[in-house]
1. Go through region 31-66 and count every residue that is open to solvent by less than 10 Å² (accessible area, probe 1.4 Å), within 13 Å of residue 92 (Cα to Cα) and not in a strand (DSSP E or B).
2. Inspect all residues belonging to region 71-92 and state whether any of them is open to solvent by 50 Å² or more (accessible area, probe 1.4 Å), in a loop (DSSP other than H, G, I, E, B), at positive phi and modelled with pLDDT under 90.
3. Quick check on region 1-27: of everything there that is among the polar types (S, T, N, Q) and exposed (fewer than 12 other Cβ atoms within 10 Å of the Cβ), which residue is farthest from residue 49 (Cα to Cα)?
4. Mind listing just one residue for me: the one in region 104-125 that is modelled with pLDDT of 80 or more and aliphatic (A, V, I, L, M) and, of those, most open to solvent (accessible area, probe 1.4 Å)?
Amino acid sequence: NIHHLIFVHPNIKGGDRTGALIGTSINTTVANITITGGADAIRGKADVGGLIGRSTSDTISNITMNNISVGDDYQVVGNNRGGLIGIIVGSTSVTNANITGSSSSVFGDNDTNTGGLIGQNNFGVTH
């Protein structure tokens, strides 16, 4: 379980499955997390999320993200970019997730599955 953390201006540059908190998460409880960023905060190739790159059967609650930027640092076509989660591949529960700020953005130039909250959802989100 991961809970009660604050990230200020994360600068994460990875490959596939990149997130400010977790790259790949399986059966994990993530709660009470605050991430406040700036320009070029979280960059990767595929499955890139502001919080989690790839989520499988997780429980996520009470997340606050402010002025987060998620995108591509490699000038290559990638898939699955989301403000919160890049891709969900197993039933994941998301409750009370807030993405705010005038500079919060998700970039997916020439990419597929780009979303403000979730890039691709294969199994469904509850709550």
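The values are calculated or read from the model by the stated rules, or taken from the named source; none is laboratory data. Note that the structure is a prediction, hence the values are computed from the model and not measured. Neighbour counts are summed over all protein chains in view; Cβ atoms, including those assigned to glycine, are modelled from backbone coordinates with ideal geometry. Each accessible area value is taken on the protein alone, full model and side chains, heavy atoms only, with ligands, DNA and RNA left out. Shrake-Rupley method; radii C 1.70, N 1.55, O 1.52, S 1.80 Å.
1. Residues flagged as open to solvent by less than 10 Å² (accessible area, probe 1.4 Å), within 13 Å of residue 92 (Cα to Cα) and not in a strand (DSSP E or B) within region 31-66 amount to 1.
2. Our first condition is that a residue be open to solvent by 50 Å² or more (accessible area, probe 1.4 Å); within region 71-92, this holds for 73-77, 79, 91.
Narrowing further to those that are in a loop (DSSP other than H, G, I, E, B): 73-77, 91.
Filter once more, so that each one left must be at positive phi: 75.
In the following step, the residues that additionally are modelled with pLDDT under 90 were identified as 75.
Yes, that holds for at least one residue.
3. Start the filter on region 1-27 by keeping residues that are among the polar types (S, T, N, Q), which leaves 1, 11, 18, 24-25, 27.
Next, from what is left, pick out any that are exposed (fewer than 12 other Cβ atoms within 10 Å of the Cβ): 1, 27.
On the way: 1: 19, 27: 17 Å.
Out of the qualifying residues, it is 1.
4. 117
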